[in-house]
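Quick notes on the structure that follows.
Bear in mind that the values in this text are calculations on the coordinates, not laboratory data. All values reported here derive from a predicted model rather than from experimental measurement. Glycine gets a Cβ as well: all are built from the backbone with ideal geometry, and neighbour counts include every protein chain shown.
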Amino acid sequence: MMKTQRFDAVTLDVLMPELDGLELLHRIRQDPQLGGLPTVFVSVFSGRQELAGEWVVSKPIDADELRNVLAAAVHAGRSRVLVVGRDELREFVSPALEELGIDHQWELTGAGAARACSERRFEVALVDVGIRNPPAVLQALDLRGRRVRRAVILFSDAQTPNPPGIDHLGLEVVPVDEAATAVQAALRDRSG
């Protein structure tokens, strides 16, 4: 049906007969026409690693939560992550995000990040403290996903010292090799 009709979103459970929800999700994400379709998992297995970056409603189902999440999914599309960082760190971060199935867009500058935020919705921003003027980049971000609070994660390679003023932002700086798992944890955080 998904190949012959147009849908605004799809709801899946992990446990389904014949073809489980995770395998169906894999097939959806591999299909060029369906890959961006917002998918809402409604499952008792809502904390699974494979669901990072997907919309999730835990069972037992709260009707208001399901309605709100479906509306947000249709409005915002698939959960996305904006990465603002130096190009030389892309080879470390992008493959790790892709391995976790997390859709992301890489920008090199604050101006690029601001433009991207005006064009798409992002759930989480991952910002390299080694870029030029990280505090200004953070101010340029306009995250408009389903969370009330902005989810921003700072990351750094071992060779780059934290720039002046970064400590006053009140955000922890994670090592570059932990950046993808920090994003995954932020996407799982249902409290925001």
* **Rg/Rh (Cα only; Kirkwood hydrodynamic radius) as it applies to the chain** => 0.99
* To do: Restricting to the chain, compute how many DSSP beta bridges are antiparallel as a %, nearest 5.
  => 0 percent
* **Percent of Cα-Cα distances greater than 15 Å, calculated over the stretch 76-121** => 43 percent
* What order do you get for 35-41, 12-18 when each peptide is scored by the mean count of other beta carbon atoms within 10 Å, highest first? -> 35-41, 12-18
* Structure fact -> Of 117-124, 4-11, ordering from highest average Cβ density within 10 Å down gives 117-124, 4-11
